[in-house]
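Everything below concerns the one structure shown next.
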Amino acid sequence: MDISGTVDEKPDTRLPMIFSLICGFLYVILGLLQMVAGAGRILIGTDFVMPLSGILFVPADVIGSFVLLLIGTVFLYGVMEMRSGTYEGISYAYVGILLALIFAVIYLLVSTGNMLEAYLLGNEEFADWTLLSDMKPGIYLAILPLFAYIKWKDFFEPTTEASFRMDLK
Amino acid sequence: MEAGKIKIALTGNPNVGKTTLFNALTGSRQHVGNWPGVTVEKKSGSVSYKEYDIEVIDLPGTYSLTAYSMDEIVARDFIIEEKPDIVIQVVDASNLERNLYLTTQLMELGSKILIVLNMCDIAEERGDRIYIDKMQELLATPVIRTVASQKEGICDLLDKVIEQKEVQQHHGHEIGYGTEIEDRILEIEKVLAEDETRDTRYPLRWISIRLLEGDSNVREKISKSPVYDRVIQIIDSIDQEEYEAEIADKRYLAINTVFPQMCTRANGKLTKSDMIDRVLTNKYLGIPIFLALMWGAFELTFAFATPFMDMIDLSATWFAEYVSSSLQPAWLASLVGDGIIGGVGAVLVFVPNIFILFFLLSLLEGSGYLARAAFIMDKLMYKIGMHGKSFIPMLMGFGCNVPAIMAARSIEDEKDRLITILVVPFVSCGARLPIYVLFAGTFFGRQAGTVIFGMYVLGIIIAIISAKLLRATVVKGKPAPFIMELPPYRVPTLKTSLIHMWDNGFMYIKKAGTIILVGVVVIWVLASFPWGVQYGSEDSYVGSLGHAVAPLLKPLGFDWKISVALIFGLVAKEIVVASMGVLYGAGESSDVLSDRLIADSGMTALTSLSLMAFSLLYMPCVATVGVIRKETGSWKWAVFAIFYGIIVAWITAFVIYQGGVLLGY
Ligand SMILES: Nc1nc2c(ncn2[C@@H]2O[C@H](COP(=O)(O)OP(=O)(O)OP(=O)(O)O)[C@@H](O)[C@H]2O)c(=O)[nH]1
Ligand SMILES: [Mg+2]
């Protein structure tokens with residue numbers, strides 16, 4: 001890979017674009033589901049059960065749904081830019097990946113805290129807590145970005161502030 | 001002067017790594033962050049090296065020595081008045097050109113200069129080439145290559161310092177400003193030289209140039225001189241703005257001539273930071289991303305800490321019970337059990353939250369995102385009448401308001417700065433966090449993280465509204481335009497973050513052992529006397545005190561015990577929680593504080609909300625009042641901050657409580 005490659009040569013953005021499109025849609029759809037679940041809980045009450053929410057582990061959490069929608073929007077924004085031929089649109093894919101991972105890590109840490117409550121401290125409030133209780137789209141959706149992160153690791157390497165132009169194949 | 005002593009000062013542009021270098025040299029732990037304006041006060045330290053005692057002074061970063069902001073005056077006065085043996089200009093190698101302007105000014109100050117080329121790792125990685133030999137020759141100063149963050153080049157630097165100490169003052173290069181200006185400079189120099197009593201620490205050429213550039217600080221300095229009138233006559237005879245521009249032009253010209261000879265840069269391409277910024281500072285996405293990250297941070301601060309808090313809480317409760325049952329006489333058992341362990345324990349419970357909070361804040365600072373946050377908010381802030389840069393002190397305020405208010409020093413405009421100082425106390429600091437965690441955790445369960453986030457947002461909103469109000473009334477005018485360098489993103493090092501977390505977290509623990517302990521004992525005494533009353537009952541002194549203010553606070557939904565807690569919270573906000581611990585700690589129950597609150601305080605989710613808002617806003621703590629006085633230079637503003645805070649807090653809590661009651665909660 002030639003780091004100092006010429007500036008005019010536009011790398012192929014097809015793969016990042018497809019990736020962003022898929023991620024974007026998944027995050028937006030689950031974000032919407034989660035929002036409906038959360039809003040239903042607030043408006044209708046605790047007996048509101050949204051279809052699918054069991055299998056998809058969608059919690060009734062409005063604020064969390066904003067996070068999912070935001071991540072989805074970042075991906076889709078990038079698709080729009082890349083489609084119009086702007087190579088820099090790829091930045092959105094990178095930041096989308098980072099955000100997805102950051103929030104997955106936050107959720108996992110919170111869940112670790114709950115696990116300690118349940119198993120170590122035996123807190124009654126957490127009596128029926130299981131490993132799946134905290135499962136949510138914010139966590140499992142991040143698997144796709146995680147793969148992308150590993151594949152495009154060069155970009156995320158911490159050390160460099162070097163100008164770069166990467167091979168995206 | 002003793003031969004073995006050397007005094008060196010570190011100066012340079014903001015965010016070039018001066019403090020990192022200072023820490024590497026002296027082994028101290030001064031605050032380092034990846035945004036311009038971290039250091040606002042000079043700090044000194046020392047190092048012994050090869051039989052020399054070297055005193056090192058870290059100065060605030062400055063782009064120039066033009067006296068636009070307080071930082072610049074601090075740095076400049078230090079260099080001129082304290083005459084360090086060697087002035088070290090720390091230069092960001094990856095951004096060399098922008099650093100040379102300061103060099104041109106330093107050369108005129110007449111001190112021995114040594115240039116430290118820091119952040120060479122970044123420059124080299126990017127493919128820039130800097131010819132150090134050529135640079136030394138062109139600037140007529142020694143240049144040392146360092147990577148301060150990895151402690152590279154520290155010994156070379158010290159060796160050079162010792163070597164330079166011995167050499168005679170050589171004449172560095174100076175910039176010529178063209179015949180017309182040079183004639184004026186000479187003319188002023190001549191007049192100034194006639195004054196026998198003048199302060200010889202100031203080089204005449206430098207004073208003359210500064211006067212021609214219209215420096216009011218320098219003008220004031222010579223205002224006592226007998227030749228002042230004649231000097232002013234010369235200055236008034238010229239077109240000052242034109243001179244100022246011309247002088248700056250000449251400096252840039254000099255830089256543009258030497259720069260290409262000492263450095264070749266790799267092709268300017270889009271950097272990773274540029275790419276990330278494209279998204280994070282996006283017109284539409286910037287603010288939502290910022291809010292989402294903040295929300296995530298508070299979610300984490302609350303939820304991840306809970307098990308650790310519970311562990312501390314359980315052991316404190318167990319310990320208090322053990323002490324109460326084994327200590328004799330009964331009053332001692334009550335003092336230690338109900339008072340000290342109950343009160344101080346109630347504060348120590350929140351140590352995990354505080355640690356996480358400071359860890360996250362240091363990520364915010366170290367990554368470079370802080371500067372972006374200011375950038376994103378600038379537009380909004382400007383509309384409100386605040387300067388974008390004010391957002392940095394506001395975010396810093398999440399940790400502690402005191403350094404946040406000091407961080408406002410990097411704001412050039414005096415009015416912008418004053419407004420920032422006055423509104424920062426509304427930003428919720430670490431000391432207030434325990435209050436939220438206690439009450440939100442008790443009354444809001446799983447929603448606690450969101451409620452806490454809401455309190456932080458409320459603080460910011462009130463700060464912003466206050467700024468608008470101040471702009472419209474006491475501090476009229478428009479904010480200055482926003483100019484700020486966005487530092488490159490960096491992955492913060494775990495070590496720096498852990499140190500930051502530990503230092504600040506430890507301060508919290510120390511506070512619990514000192515001022516809060518005293519507060520707790522005072523409350524306990526007041527709760528136990530007059531002799532014979534039931535502990536903490538309405539007949540005790542606390543009871544009377546509480547009842548005295550309770551009518552004022554009743555419309556907000558608070559009873560007399562809460563009133564007492566709020567009174568003592570004036571000293572330090574942690575005491576609000578501590579006194580809850582003391583006052584609700586009585587009795588045999590082995591429950592943790594939150595359960596006792598539900599059981600006997602008669603509080604509801606609504607009153608807790610009103611209480612959280614009130615505690616957030618109701619007056620800066622004593623330390624903050626002190627720093628407001630110091631930074632504004634007058635008691636007037638400190639007193640203003642107190643009363644303004646109380647009024648705002650009362651109104652806000654009133655609206656929350658009465659609104660809630662109206663809505664049927
Ligand atoms: N890569 C790299 N980073 C560095 C180096 N030196 C400092 N840094 C980083 O640069 C940032 C700024 O460092 P500081 O030491 O706070 O800078 P400062 O000059 O004291 O800044 P102000 O006090 O704001 O004027 C921090 O994030 C440091 O970790 C270096 O040699 N290489
Ligand atoms: Mg510093």
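The values are calculated or read from the model by the stated rules, or taken from the named source; none is laboratory data. Note that the coordinates shown come from a computational prediction; the quantities given were computed from them, not determined experimentally. As a convention, Cβ positions derive from the backbone with ideal geometry for all residues, glycine included, and neighbour counts pool all protein chains shown.
Just a few scattered comments:
- Set A:Val95, A:Val67: member being among the β-branched types (Val, Ile, Thr), at the interface with chain B (Cβ under 9 Å from one of its Cβ atoms) and farther than 17 Å from B:Lys272 by Cα: A:Val67
- Restricting attention to the range B:211-230, the residues being touching a helix residue (DSSP H, G or I) at 6+ places or on another chain (Cβ under 7 Å) and free of Cβ contacts under 8 Å to residues at least 24 places away in the same chain number 1.
- The range B:210-234, subset among the hydrophobic types (A, V, I, L, M, F, W, C) and over 30 Å from the mean Cα position of the chain (by Cα), residue surrounded by the most Cβ atoms within 10 Å (Cβ to Cβ): B:Leu211
- Of all residues making up the range B:267-290, the number that are more than 7 Å from every other protein chain (Cβ to nearest Cβ) and in contact (Cβ under 8 Å) with a residue 12 or more places away in the chain: 5
- Of all residues in the range B:334-351, one or more are over 33 Å from the mean Cα position of the chain (by Cα) and free of Cβ contacts under 8 Å to residues at least 60 places away in the same chain.
- Number of the exception - B:Thr442 against (1) of a type in the set (Val, Ile, Thr); (2) away from chain A (no Cβ under 14 Å); (3) assigned to a helix (DSSP H, G or I): (2)
- The residues on offer are B:Val74, B:Val56, and the sole one that is within 16 Å of ligand 2 (Cβ to nearest atom) and over 24 Å from B:Lys221 (Cα atoms) is B:Val56.
- Test: residue in the range B:643-661 that is within 18 Å of the chain's Cα centre (by Cα), in the same structural domain as B:Gly569 (by TED's automatic domain parsing), of a type in the set (Val, Ile, Thr) and surrounded by fewer than 17 Cβ atoms within 10 Å (Cβ to Cβ): no
- Flag for B:Lys18 being away from ligand 1 (no atom under 12 Å from the Cβ), more than 14 Å from chain A (Cβ to nearest Cβ) and touching a residue at least 40 places away in the same chain (Cβ under 8 Å): no
- Of all residues in the range B:453-473, exactly one satisfies the criterion of being touching a Phe, Trp or Tyr at 6+ places or on another chain (Cβ under 6 Å) and of a type in the set (Val, Ile, Thr), namely B:Ile462.
- Helices (runs of 4 or more DSSP H) (entirely within the range B:509-571) containing at least 1 residues that are within 21 Å of B:Gly337 (Cβ to Cβ) and in contact (Cβ under 8 Å) with a residue 60 or more places away in the chain: B:515-528
- When each of B:Ala472, B:Ala431, B:Ala463 is tested for being closer than 30 Å to B:Ser273 by Cβ and touching a residue at least 12 places away in the same chain (Cβ under 8 Å), the lone residue that passes is B:Ala463.
- Filter result for the condition that a residue is over 25 Å from B:Gly581 (Cα atoms) and part of a helix (DSSP H, G or I), over B:Pro488, B:Pro403, B:Pro434: B:Pro403
This table checks each residue for (1) within 14 Å of chain A (Cβ to nearest Cβ); (2) part of a helix (DSSP H, G or I); (3) of a type outside the set (Phe, Trp, Tyr).
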position: B:Ile162; (1), (2), (3): no, yes, yes
position: B:Val191; (1), (2), (3): no, yes, yes
position: B:Arg198; (1), (2), (3): no, no, yes
position: B:Ile207; (1), (2), (3): no, yes, yes
position: B:Ile235; (1), (2), (3): no, yes, yes
position: B:Tyr243; (1), (2), (3): no, yes, no
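- When each of B:Gly602, B:Gly664 is tested for being of a type outside the set (Ser, Thr, Tyr) and in contact with an Asp or Glu (Cβ under 7 Å, 6 or more places away or on another chain), the lone residue that passes is B:Gly602.
- Of A:Leu120, A:Leu116, A:Leu101, all but one fail to be closer than 25 Å to B:Thr271 by Cβ and either more than 9 Å from chain B (Cβ to nearest Cβ) or more than 14 Å from the chain's Cα centre (by Cα) (or both); the exception is A:Leu101.
- Residue check, B:Ala67 free of Cβ contacts under 8 Å to residues at least 60 places away in the same chain, away from ligand 2 (no atom under 12 Å from the Cβ) and closer than 21 Å to B:Arg251 by Cβ: no
- Any helices (runs of 4 or more DSSP H) falling wholly within the range B:63-140 and containing at least 3 residues that are more than 14 Å from chain A (Cβ to nearest Cβ) and closer than 26 Å to B:Met484 by Cα: B:70-81, B:96-108
- Entirely in the range B:299-378, the helices (runs of 4 or more DSSP H) that have 2 or more residues that are within 14 Å of another protein chain (Cβ to nearest Cβ): B:306-326, B:351-367
- Count of the range B:606-638 residues which are part of a helix (DSSP H, G or I) and under 16 Å from B:Lys554 (Cα atoms): 10
- Residue within the range B:494-508 that is within 14 Å of another protein chain (Cβ to nearest Cβ) and either in contact with a strand residue (DSSP E or B) (Cβ under 7 Å, 6 or more places away or on another chain) or within 16 Å of ligand 2 (Cβ to nearest atom) (or both) present: yes
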